[in-house]
């Protein structure tokens, strides 16, 4: 690692080693805010310092949701100018109309679709987004307040598979917001401020503005976030073991992956598989099939657990419904999981 690089750049290379992305095209999601701007400047500095070898290529991507009128257009112009100043290609796209309906879920889906499309257009292998250590802690608390399990407490992953040829990276999960702001200041780099990040309408903002400061006062320590981050790291390491066991079981199980969102999983070994491993395997199935998980919470998985325990003990066919038009059936020793299209309902 190049020790002459700034701390932010070194932290990125520690969590996202150069051999993972050197010589590849990386789509950099840039909103114009301080986090994504710091990520872009750091990645650009890493590439130009030749800390990553090969023909590494950064493509800036910005989706204008048109939620804040002229300010959204100014964000887009800022991103365009920044990309040009760095000599980077930029893909800028604006929604055909303001995306006020549908809330955060719709915004995330639109952004994800745009970033994936951009990645496929440039044959990129990575999409990089600017989540920080602060985001990691806030995500853990948010999940905890919603009643999550270990996967939720594990928080955001540094890397995640999106499809056979595309990965999502969060390379700044080891960098605190204060470090990013100091880095931007050292560069004399400006950034945009999204006032919606200050609104009490969003739970994440209240966690940042009210919950964390209260907990710091309660425990009498200004290092609470660091403690929570460390706890999350330990949980992630343990959950990685569970995920490895789930992947091993899926690779060895007799599974018929259907082309019409239908798969049949042989029940052999289900009765001996620890529930955390089986739940993780089911989540991996959902991801592989591209099924929505946003409405699936811990109460649903608890129902699945009880349902499987019952199904394994009776010779009669069993079925249950999950959010997203997913149906589970157990019949003749096989677990069948299927998503029904709206046209078939």
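The values are calculated or read from the model by the stated rules, or taken from the named source; none is laboratory data. Note that the structure is a prediction, hence the values are computed from the model and not measured. Every residue, glycine among them, receives a Cβ derived from its backbone with ideal geometry; neighbour counts consider all protein chains shown.
Miscellaneous remarks
- Selection from region 297-308 of residues that are in contact with a helix residue (DSSP H, G or I) (Cβ under 9 Å, 6 or more places away or on another chain) and either crowded, with 16+ Cβ neighbours inside 10 Å or at pLDDT 90 or above (or both): 301, 304, 305, 308
- Enumerated helices (runs of 4 or more DSSP H) restricted to region 1-72, each holding at least 3 residues that are out of contact with any strand residue (DSSP E or B) (no Cβ under 8 Å at 6 or more places or on another chain): 7-15, 34-48
Rundown of residues vs (1) modelled with pLDDT under 85; (2) loosely packed, with under 14 Cβ neighbours inside 10 Å; (3) within 25 Å of the chain's Cα centre (by Cα); (4) closer than 27 Å to residue 147 by Cβ, yes/no style:
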| site | (1), (2), (3), (4) |
| --- | --- |
| 289 | yes, no, yes, yes |
| 311 | no, no, no, yes |
| 318 | no, no, no, yes |
| 323 | no, yes, yes, yes |
| 329 | no, no, no, no |
| 333 | yes, yes, no, no |
| 337 | no, no, yes, yes |
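- Lone qualifier among 68, 108, 41 - being in contact (Cβ under 8 Å) with a residue 40 or more places away in the chain, in the same structural domain as residue 165 (by TED's automatic domain parsing) and closer than 25 Å to residue 175 by Cβ: 41
- Residue 156 meets all of the listed conditions (1) free of Cβ contacts under 8 Å to residues at least 40 places away in the same chain; (2) in a helix (DSSP H, G or I); (3) under 24 Å from residue 20 (Cβ atoms) but one, namely (2).
- Of all residues in region 101-134 being closer than 23 Å to residue 21 by Cβ and in contact with a helix residue (DSSP H, G or I) (Cβ under 7 Å, 6 or more places away or on another chain), the one that is surrounded by the fewest Cβ atoms within 10 Å (Cβ to Cβ): 126
- Number of positions in region 205-246 that are surrounded by fewer than 15 Cβ atoms within 10 Å (Cβ to Cβ), touching a helix residue (DSSP H, G or I) at 6+ places or on another chain (Cβ under 6 Å) and touching a residue at least 40 places away in the same chain (Cβ under 8 Å): 0
- Just one residue in the set 175, 137, 161 is under 28 Å from residue 65 (Cα atoms) and exposed (fewer than 15 other Cβ atoms within 10 Å of the Cβ); that residue is 161.
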